[in-house]
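Read-outs: derived from the displayed coordinates by stated rules, not from any lab. Model, not experiment: these values are computed from the prediction. Neighbour counts are summed over all protein chains in view; Cβ atoms, including those assigned to glycine, are modelled from backbone coordinates with ideal geometry.
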Amino acid sequence: MSETIISANLVASHNAARQPDLERDYASLGERLDRRGIAIDVIRDKVEKFGVAIPSWGVGTGGTRFARFPGPGEPRDIFDKIEDCAVIAQLTQATPTVSLHIPWDKADPNRLKQAASRFGLGFDAMNSNTFSDARDQELSYKFGSLSHADAGTRRQAVEHNLECIEIGKTLGSKALTVWIGDGSNFPGQVNFAKAFERYLDAMREIYAGLPDDWRLFTEHKMYEPAFYSTVVQDWGTNYIIARELGDKAFCLVDLGHHAPNVNIEMIVSRLIQFGKLGGFHFNDSKYGDDDLDAGSIDPYRLFLVFNELVDAELSGAKGFNPAHMLDQSHNVTDPIESLMLSAVEVQRAYAQALLVDRKALEGFQEKNDALMATQTLKAAYRTDVEPILAMARLRTGGAVDPVAAYREAGYRAKVAAERPAVASGGGGIV
Ligand SMILES: [Mn+2]
């Protein structure tokens with residue numbers, strides 16, 4: 001039995017007070033879904049099994065390139081971060097794993113494993129960092145890493161990624177995510193083709209160091225920090241990378257890493273169709289890579305992404321096994337609260353997508369009935385699935401209302417007393 005950080009008695013009394021209303025709401029929704037030929041318990045079971053990883057860097061307060069305003073009780077190190085992640089997992093029962101970032105989270109891997117398993121947490125994909133310089137690093141990444149003009153700098157970046165794999169092996173991770181900030185800020189600064197060729201050569205070396213049961217995720221991002229050209233800037237480039245490297249290489253889609261108005265759900269469909277969808281970094285944005293909470297700006301888009309994922313799941317698309325992870329920056333909210341609600345939002349989109357009448361949708365598509373086809377999606381999206389999500393949490397030991405339980409527990413005030421405030425800290429977002 002894993003340890004819990006929030007008192008189990010507190011969660012139990014929180015739930016007891018809400019259970020009668022929840023049971024009525026669940027029964028009522030169950031009856032309405034039954035009329036649509038949907039068994040509510042089947043949806044709930046799938047939601048209970050659905051997990052999304054928490055990024056270790058997400059539990060600290062984020063910032064912008066102008067400033068960072070630290071919050072109270074920020075984690076001081078990876079062990080504090082693991083405790084914050086344990087709170088999120090306990091109350092939502094939706095985040096069974098943590099995704100580590102090296103070197104930010106560097107510590108004795110056996111200690112890390114022990115700290116996480118105390119709370120029943122596992123480790124998701126490892127994340128390397130060659131977009132900033134670590135302390136005591138010999139060569140700088142100011143002008144790039146895996147695509148750098150200098151062979152020595154590329155070698156250093158390759159070695160770092162191989163080290164991430166080694167650490168991950170001890171932790172039980174099964175994937176490495178690589179995102180680089182390489183690119184240029186001025187026309188003419190970099191030769192596009194040469195930089196990409198150098199990147200591919202370096203990635204081939206990293207790929208060669210991957211255990212047989214691991215996957216390599218490459219993450220594209222249109223711009224920032226390189227504001228003129230970026231080496232891995234779009235899904236087309238990312239697809240080329242995955243195809244060039246081999247069967248263990250897949251594309252990772254961060255929802256904030258596209259141009260405005262880009263049809264992300266169609267990109268997702270393409271990657272599924274050609275067996276190269278590796279996983280997601282969920283977040284939301286209004287303008288660019290805003291890294292806002294999942295579903296906070298455009299929940300319908302999140303639903304449409306999940307519509308593609310559920311379609312692939314139900315049709316048994318070959319090799320379909322995407323990794324789910326949040327990747328957000330919390331500048332003005334309590335990161336634990338934002339991450340709890342974001343995990344729930346991702347579950348919500350999944351549950352809604354499970355409600356799509358796919359047979360009817362296919363019929364409308366075949367008959368070119370655009371209006372009814374789109375209404376079929378809307379009917380699923382408009383369904384308030386909150387009772388399903390809350391019931392899943394209740395049954396698995398989470399809190400019916402995670403934020404309310406978290407506030408009742410006074411966790412933030414407690415850790416604020418234990419963890420001294422820091423003026424600034426690592427808050428990079430990728
Ligand atoms: Mn990301």
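Computed values, structure above
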| item | result |
| --- | --- |
| Residue 300 versus residue 170: modelled label distance in nm, points set 7 Å from Cα along the beta carbon direction | 5.0 nm |
| Selection from 186, 145, 162, by position along the positive dipole direction of region 90-193 (Cβ) | 162 |
| Chymotrypsin sites (Phe, Trp or Tyr not before Pro) within region 218-300: DSSP coil, no more than 13 neighbouring Cβ in 10 Å | 227, 228, 274, 287 |
| Neighbourhood charge, 13 Å Cβ-Cβ cut-off, centred on residue 152 and excluding it, Lys, Arg +1 and Asp, Glu -1 | 0 |
| Residue pairs, from the table 49/248; 49/81; 174/248, whose Cα atoms sit over 18 Å apart | 49/248; 49/81 |
| Karplus 3J(HN,Hα) series, Hz, for region 39-48 with 6.51 cos²θ - 1.76 cosθ + 1.60 (x for Gly, Pro) | 8, 4, 5, 5, 5, 4, 4, 5, 4, 4 |
| Amide H partners (placed H, <5 Å) of residue 177, local residues excluded | 126, 127, 128, 217 |
| MRE, 222 nm, helices only [DSSP H, n ≥ 4, -39500 (n - 2.57), over the chain, to nearest 500] | -15500 deg cm²/dmol |
| Farthest toward positive dipole pole in region 1-80 [+1 Lys/Arg, -1 Asp/Glu at C-beta], among 19, 40, 79 | 40 |
| Amide H contacts of residue 282 (H built 1.01 Å from N, under 5 Å, at least 5 apart or other chain) | 325, 326, 327 |
| Trypsin sites (Lys or Arg not before Pro) within region 324-369, DSSP loop, no more than 13 other Cβ atoms inside 10 Å | 367 |
| Low-density loop cleavage sites - GluC sites (Glu not before Pro) in region 1-76, where at most 13 other Cβ are within 10 Å (DSSP) | 3 |
| Region 141-148 - phi-based ³J(HN,Hα) in whole Hz, Karplus 6.51/-1.76/1.60, Gly and Pro as x | 9, 3, 10, x, 10, 5, 10, 4 |
